[in-house]
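Trainee: The following block contains the structure, expressed as structure tokens.
The values are calculated or read from the model by the stated rules, or taken from the named source; none is laboratory data. Quick caveat: nothing in here was measured; it's all calculated off a predicted structure. Neighbour counts are summed over all protein chains in view; Cβ atoms, including those assigned to glycine, are modelled from backbone coordinates with ideal geometry. For the accessible areas, the whole protein counts, side chains as well, though only heavy atoms, and no ligand, DNA or RNA atoms are used. Shrake-Rupley method; radii C 1.70, N 1.55, O 1.52, S 1.80 Å.
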Amino acid sequence: MTDPFYQEIRWLELKLKILDTPAYSSFIHSILAEKRHFSHILECGTGAGDFVTILEKLVTFDSLTGIDRDARLIGRARERFTHNPRIHFKISDLEDMKKLEVPQEFDLVTGHALLEHTCMADIIPVLKNCCKVGGFLYFPHNYMSPTIFEPVFDPVIDRQIIRNFDAFSIENQPNKEKLVGNSRCGANIYTSLVESGLEVIHYQCTDWLLYPKNGGYTEEESEILRMLVNFFYNANKNPQIPSSDRISDKILNEWHWTRLSQVEENKLVYLCPQTSILVRRPG
Ligand SMILES: C[S@@+](CC[C@H](N)C(=O)[O-])C[C@H]1O[C@@H](n2cnc3c(N)ncnc32)[C@H](O)[C@@H]1O
């Protein structure tokens, strides 16, 4: 099986640089920066450690442990952070931590663009358990479909292409003998966290938006837009899509070609709704 698109290293690099800019979450970041020092931070679903670069600038800590289920990404993260002996990385799946006695030693638990790739009902209690009473949990950038591409290609086709992407690239992802993922994660997260007994400190929209500013894109913006168009195109070629939801090859190829041309012609707008939330374990 090929790796999911969201584990591609170049995508993660460009995502952090262009889409996940800290300015989106500046208010939450100012709350964390005010606290300044944390004893032990657990960074979950850290990938290649991109969010660690932000945490390093934002706060100080005695130790930061980054975990991810993907060994290749953890290898890349380890190579990047040899300069800081306080930072460690572990290959670990949050699903396995359900069965473990996890020490509640972390005063900050983070998961950046993580929860939409999990079964939230199972994983939120695990994350809560890792957090000390009185500690904080921060989940930046939770995906909340429907994604929007402008100009409209065809309202019905656009909608179906996005639904198929959600159903076969975000949802229904195999992990530990079950299918996980939630394309409405960002719209469900507030209630899920409150119902888990967590206290909301700040909740906000942190949508991704790319449009041709000053008439065009930078080279990297064009690259990430082409990547995104390809992610949606490839998801729609998945043979598991039921025939009732399948877009014909002819129309799908036309959609793909039109969207790539719109990138070259500086006409494509990409809007991906997301939320970010900071909560506290009360007590
Ligand atoms: C969209 S990527 C985000 C990576 C990184 N946080 C960032 O924003 O650059 C989601 C990451 O979560 C990891 N992940 C998903 N489910 C996981 C689980 N159950 N346990 C550990 N890691 C998980 C994936 O391997 C992937 O690296």
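Residues checked against (1) part of a loop (DSSP other than H, G, I, E, B); (2) within 9 Å of the ligand (Cβ to nearest atom); (3) under 15 Å from the mean Cα position of the chain (by Cα):
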| site | (1), (2), (3) |
| --- | --- |
| TYR6 | no, yes, yes |
| SER26 | no, no, no |
| ILE31 | no, no, no |
| HIS40 | no, no, no |
| ALA48 | yes, yes, yes |
| ILE54 | no, no, yes |
| LEU64 | no, no, no |
| ARG72 | no, no, no |
| GLU79 | no, no, no |
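Trainee: Only one of ASP62, ASP70 is in contact (Cβ under 8 Å) with a residue 24 or more places away in the chain and open to solvent by 30 Å² or more (accessible area, probe 1.4 Å). Can you tell me which? It would help to see each step written out before you state the result.
Mentor: Numbers: ASP70 fails: open to solvent by 30 Å² or more (accessible area, probe 1.4 Å).
Testing whether each residue is in contact (Cβ under 8 Å) with a residue 24 or more places away in the chain and open to solvent by 30 Å² or more (accessible area, probe 1.4 Å) leaves just ASP62.
Trainee: Turning to a different aspect of this structure: Being at pLDDT 95 or above, over 20 Å from GLU79 (Cα atoms) and open to solvent by 10 Å² or more (accessible area, probe 1.4 Å) narrows it down to one residue among SER39, SER26; which is it? Don't jump to the end; show me each part of the working.
Mentor: Working: SER26 fails: at pLDDT 95 or above.
Step by step, each of SER39, SER26 is checked, and only SER39 is at pLDDT 95 or above, over 20 Å from GLU79 (Cα atoms) and open to solvent by 10 Å² or more (accessible area, probe 1.4 Å).
Trainee: Evaluate the following for ASP207: is it farther than 30 Å from ASP96 by Cα, among the acidic types (Asp, Glu) and either out of contact with any strand residue (DSSP E or B) (no Cβ under 6 Å at 6 or more places or on another chain) or open to solvent by 30 Å² or more (accessible area, probe 1.4 Å) (or both)? Spell out the reasoning first.
Mentor: On the way: farther than 30 Å from ASP96 by Cα: yes; among the acidic types (Asp, Glu): yes; either out of contact with any strand residue (DSSP E or B) (no Cβ under 6 Å at 6 or more places or on another chain) or open to solvent by 30 Å² or more (accessible area, probe 1.4 Å) (or both): yes.
Yes.
Trainee: Let me ask another. If I ask for residues that are open to solvent by less than 90 Å² (accessible area, probe 1.4 Å), touching a Lys or Arg at 6+ places or on another chain (Cβ under 9 Å) and under 27 Å from GLU223 (Cα atoms), which ones from the stretch 239-258 would you list?
Mentor: Within the stretch 239-258, LEU252 is the sole residue that qualifies.
Trainee: Among residues belonging to the stretch 10-23 that are more than 10 Å from the ligand (Cβ to nearest atom) and either in contact with a helix residue (DSSP H, G or I) (Cβ under 7 Å, 6 or more places away or on another chain) or at pLDDT 90 or above (or both), point out the one that is nearest to ARG69 (Cα to Cα). Step through it out loud before you land on a result.
Mentor: Kept after step one, since they are more than 10 Å from the ligand (Cβ to nearest atom), are these residues of the stretch 10-23: 10, 14, 17-18, 21-23.
Still in the list and also either in contact with a helix residue (DSSP H, G or I) (Cβ under 7 Å, 6 or more places away or on another chain) or at pLDDT 90 or above (or both): 10, 14, 17-18, 22.
Values: ARG10: 18, LEU14: 21, LYS17: 23, ILE18: 25, PRO22: 25 Å.
Top of the filtered list is ARG10.
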